[in-house]
1. Starting from the Cα of residue 178, step 7 Å toward the Cβ, then list every residue of region 469-497 with an amide N under 15 Å from that point.
2. Suppose R0 equals 30 Å. What FRET efficiency, 1/(1 + (r/R0)^6) with r the Cβ-Cβ distance, do residue 236 and residue 441 give to the nearest 0.05?
3. Can you bin region 280-333 into rounded, prolate or oblate? Criterion: square roots of the alpha carbon gyration tensor eigenvalues sorted a ≥ b ≥ c, rounded for a/c under 1.5, prolate for a/b above b/c, oblate for the rest.
4. Which length gain, in nm to one decimal place, applies between residue 269 and residue 54 when the Cα-Cα distance is subtracted from 0.36 nm times their residue separation?
5. Does region 436-508 classify as rounded, prolate or oblate by the C-alpha gyration tensor (a ≥ b ≥ c root eigenvalues; a/c under 1.5 gives rounded; else a/b over b/c gives prolate, otherwise oblate)?
6. Ranking request for peptides 504-513, 109-118, 395-404: highest mean number of other beta-carbon atoms within 10 Å first, then the rest in descending order.
7. If I stretch the segment between residue 407 and residue 495 completely, what's the gain in nm (0.36 nm per residue apart, minus their alpha carbon distance), one decimal?
8. Can you give the FRET efficiency to the nearest 0.05 for residue 249 and residue 319, using r as the Cβ-Cβ distance and R₀ = 30 Å?
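Coordinate-derived values only; no laboratory data. None of the values given here were measured: they were computed from a predicted structure. Positions of Cβ are backbone-derived with ideal geometry, glycine not excepted, and every protein chain shown enters the neighbour counts.
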């Protein structure tokens with residue numbers, strides 16, 4: 001195609017040249033030279049045109065032969081591809097037929113196996129039924145001969161094995177417990193004895209002052225004021241009651257809050273000293289009393305820290321510690337109790353090779369929750385732990401505060417030392433006093449709880465409720481059972497009763513043989 005285009009362009013160029021020559025001919029008097037040139041050009045053009053036609057025909061023939069050859073080769077390739085596809089299809093069909101035949105054979109074999117398994121299962125079931133029938137018949141014959149059922153024999157055997165295992169475990173446990181208690185008692189007595197000898201605090205702590213001495217009885221009238229105005233103003237400002245009776249030269253301050261009683265005492269003494277007793281002055285001295293109370297509490301906390309060598313305590317925690325000066329537990333001053341616990345914990349820590357400084361710090365702060373505000377949740381142990389954690393105390397001290405009443409399991413030696421020191425301070429004779437009614441009720445609860453266990457004949461609470469003696473029937477409770485009973489009663493007391501210190505449970509089992517000589 002490209003050759004034909006080239007030939008056509010050449011012929012077109014020749015014709016254009018001839019026409020251009022003709023256009024330049026003059027209209028008259030043309031020379032013979034020009035005519036010859038035109039003829040020669042026409043001849044060359046005709047010759048070139050003929051040559052171009054021949055070449056174009058040759059090229060066309062060649063192109064047709066090439067096209068024909070390409071078509072033949074394409075047809076050949078198509079036939080080869082069709083033959084190869086046919087061979088592959090045939091092979092694929094053959095493979096599928098072989099797989100189908102193999103699967104059919106497998107399925108037939110599985111069907112045979114399943115049928116055989118069903119037959120064996122049926123035979124096994126039949127044999128099982130026969131065996132069960134034979135066992136049942138033999139059991140019935142044995143039960144008829146023995147006169148008891150198999151279930152009864154099984155229960156008796158199980159109970160016998162359980163009783164034997166329980167007795168063995170009790171004997172083993174008691175032996176281990178006795179040995180451990182003996183060793184622990186020796187070491188604990190030595191450590192506690194050393195600590196108590198080195199620290200001798202007051203057994204009975206002083207109580208808050210609730211009475212104010214007057215220089216003379218004439219001041220009673222001035223304190224009461226006209227129509228009782230002065231004493232009413234005092235009661236409203238302080239939040240306590242002022243009792244003016246026939247007691248000579250004395251006014252009694254009554255109130256549940258020790259801090260309010262202290263403010264009232266300060267205000268009353270200030271009014272007596274000043275001599276000016278009227279409502280405006282009363283408000284002034286009450287405000288001054290509250291400021292004085294804050295100063296006293298801060299100084300008390302700082303003094304306790306200085307005495308014990310405790311440093312780097314948050315100022316808010318120091319102030320809260322000083323507030324314990326006006327807190328009482330069973331008439332025992334809580335700040336003095338905390339100082340005593342701090343000393344004892346530190347001394348025991350030194351004997352055991354522990355950190356004495358940390359032990360004193362934890363002992364001093366263990367009851368800090370009793371002075372915490374109402375914003376702290378939980379009992380005083382949890383409230384104290386939250387406050388100490390909030391004010392930057394280290395985790396060991398916080399853990400000891402939280403677990404000193406075992407609200408949380410004690411996880412460190414320090415926590416156990418604080419628990420022991422707290423018990424020593426609270427349970428030593430004369431350290432605390434209780435109301436008569438709650439004391440009698442606690443003794444009755446101890447005795448009633450002990451009597452609720454089977455086999456207990458009598459129960460007695462002795463040593464001001466520090467010990468309970470339990471008398472058991474010897475025919476119902478063995479020696480091994482007695483040790484188990486003591487532990488169970490102790491656990492029930494811990495779970496159900498509230499008490500200071502600790503309570504010893506003693507189970508007494510005795511057999512008496514009586515004879516008469518006549």
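1. Inside the label zone: 479-484.
2. 0.25
3. Cα axes put region 280-333 in the oblate bin.
4. Gain in length upon complete extension: 62.5 nm.
5. Taking the square roots of the gyration eigenvalues as a ≥ b ≥ c, region 436-508 is prolate.
6. Per-residue mean Cβ counts within 10 Å order the peptides as 395-404, 504-513, 109-118.
7. That pair, residue 407 and residue 495, stretches by 30.5 nm at full extension.
8. According to the calculation, E is roughly 0.25.
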